[in-house]
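Working notes, structure below.
The values are calculated or read from the model by the stated rules, or taken from the named source; none is laboratory data. What you are looking at is a predicted structure, and each value in this text was computed from that prediction instead of being measured. Neighbour counts run over all protein chains shown; Cβ positions are idealised from the backbone, glycine included. These accessible areas exclude ligands, DNA and RNA; they are computed on the full protein's heavy atoms, side chains included. Shrake-Rupley method; radii C 1.70, N 1.55, O 1.52, S 1.80 Å.
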Amino acid sequence: MNHLSVLFLACILAGFALMKVATVGFLSSLSSFIVIVGALVVIVFALAIIYLGLKSLTKM
C-alpha cells in the first residue's frame, strides 16, 4: 500500500477534527478561521489522493 496516500488520509481526518473542535476561551474568536483551515485541509488532501489514484490508473 502506498504510504503517502495513508498519510494524506490521516491529514483529511485531521481536517475534519479541526472543523469539529470546540473552541473555548481565547480561541473562540478564531473559531471561523479554524473551520476554514480545516475545510481547506480536507479539500487539498482529497484532491491529492484523487491525483495519486488517477496517476496510478494511467500508469498501467
Need pairs with beta-carbon distance below 8 Å; first residue of a type outside the set (Phe, Trp, Tyr) and within region 12-31, second open to solvent by less than 80 Å² (accessible area, probe 1.4 Å) and modelled with pLDDT under 85; sequence gap 6+ or separate chains. Leu30/Thr23; Ser31/Thr23
Can you find, within region 1-31, the residue that is modelled with the highest pLDDT among those that are open to solvent by 80 Å² or more (accessible area, probe 1.4 Å) and small (Gly, Ala, Ser)? Ser29
